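Q: Below you'll find the structure I mean.
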Amino acid sequence: MATAPIIPAPPQDIEEIQLLDNSLVFPAFTAQTAWALGCLLRTKLQALDKPAIVDISLVHGNHCLFHCATQSGTSPDNDSWVERKRNTVLRWGTSTWYMSRKFMGDYKTFAEKTGLGIDAARYAIHGGGWPVRVRGVEGVVAVVVVSGLKQDQDHAIIVQTVGEMLEELSEDTGEKRKED
C-alpha cells in the first residue's frame, strides 16, 4: 500500500476558505478531467486505509462523471452524504466546508437563517463538497464530493488534490495558475 498522504488542515476563516476555493479554477473540465481527478483522489484515499466515496458530477441533471468506493466498508449512508453535500454546493455555489464554518456546524441556525425549515435536511453543512469552476465560465460547472473521512479531511483532500492537478496542468501548458 502507498504511503498515506499528509492532509493539511483547511482554513477555518470563511473569507480564507472562499479565497482558496475561488482560486482553484480549471482551464477546462471534461469527462477526462473528472476521471483523472477522481482517480487521483481514489489513490490518495486508498493510502489512508479508510473507506470513502468519491463522486464527481456535472451540475445539470446530476450527470455522473466519476463515482467509486475506495475500499470495502462504505454504506448507503455515504451516498446520502454525497447527495446532501452536492445539494449544498449547487444551491449556494460554494464548498460545504465554507457553509460548515459559516454556520459553525449548527443545523438549527442554518435552517432558520436560510428559511429552509425541515427542508434543511436535504443539505449538508459538513465539509467534503466542492464546486468546480472553469476559467471564462460563470458559476459552478461540476461538484466534487468525498464522504468517509472527518469533514475537514474530506474538504482538504479535495482542495489539495485539485491544487496539485492544476499545478500539473499549468506545467504541461506552460501557464501559471491564476489566483483570483
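Q: With the requirement that a residue be outside any loop (DSSP other than H, G, I, E, B) and in contact with a Phe, Trp or Tyr (Cβ under 9 Å, 6 or more places away or on another chain), what does segment 8-35 give you?
A: Ile14, Ile17, Gln18, Asp21, Ala31, Thr33, Ala34, Trp35
Q: For the condition surrounded by 18 or more Cβ atoms within 10 Å (Cβ to Cβ), under 24 Å from Met165 (Cα atoms) and modelled with pLDDT of 95 or more, what is the one hit in Leu58, Leu41, Leu48?
A: Going through Leu58, Leu41, Leu48 in turn, just one is surrounded by 18 or more Cβ atoms within 10 Å (Cβ to Cβ), under 24 Å from Met165 (Cα atoms) and modelled with pLDDT of 95 or more: Leu41.
Q: In segment 84-100, which residues are in contact (Cβ under 8 Å) with a residue 24 or more places away in the chain and more than 14 Å from His155 (Cα to Cα)?
A: Residues satisfying the conditions are Arg84, Asn87, Leu90, Arg91, Gly93.
Q: Out of segment 60-77, which residues are of a type in the set (Gly, Ala, Ser) and within 19 Å of Lys50 (Cβ to Cβ)?
A: Ala69, Ser72, Gly73, Ser75
Q: Find the residue count for segment 48-96, including only residues that are among the small types (Gly, Ala, Ser), under 26 Å from Ser23 (Cβ atoms) and in a helix (DSSP H, G or I).
A: Count: 0.
Q: When segment 123-140 is examined, which residues are found to be loosely packed, with under 14 Cβ neighbours inside 10 Å and either under 22 Å from Cys68 (Cα atoms) or not basic (Lys, Arg) (or both)?
A: Gly136, Val137, Glu138, Gly139, listed by residue number.
Q: Now for a different question. Please enumerate the residues belonging to segment 1-27 that are over 17 Å from the mean Cα position of the chain (by Cα) and farther than 23 Å from Ser100 by Cβ.
A: Within segment 1-27, Met1, Ala2, Thr3, Ala4, Pro27 meet the criteria.
Q: Return the pair list, or none, for Cβ contacts closer than 6 Å from residues in segment 125-139 that are under 23 Å from Asp154 (Cβ atoms) to residues that are of a type in the set (Phe, Trp, Tyr), at least 6 apart or on different chains.
A: Qualifying pairs under 6 Å: Ile125/Phe103; Ile125/Phe110; Gly127/Trp97; Val132/Phe29; Val134/Phe26; Val134/Phe29.
Q: While we're looking at this one, here's another question. Quick check on this structure: which one of Ser57, Ser75 is under 13 Å from the mean Cα position of the chain (by Cα) and of a type in the set (Gly, Ala, Ser)?
A: Among Ser57, Ser75, only Ser57 is under 13 Å from the mean Cα position of the chain (by Cα) and of a type in the set (Gly, Ala, Ser).
The values are calculated or read from the model by the stated rules, or taken from the named source; none is laboratory data. If you're wondering where the values come from, they're calculated on a predicted model, not measured in any experiment. Don't worry about glycine lacking a Cβ; one is built from the backbone with ideal geometry, like all the others, and counts go over all protein chains shown.
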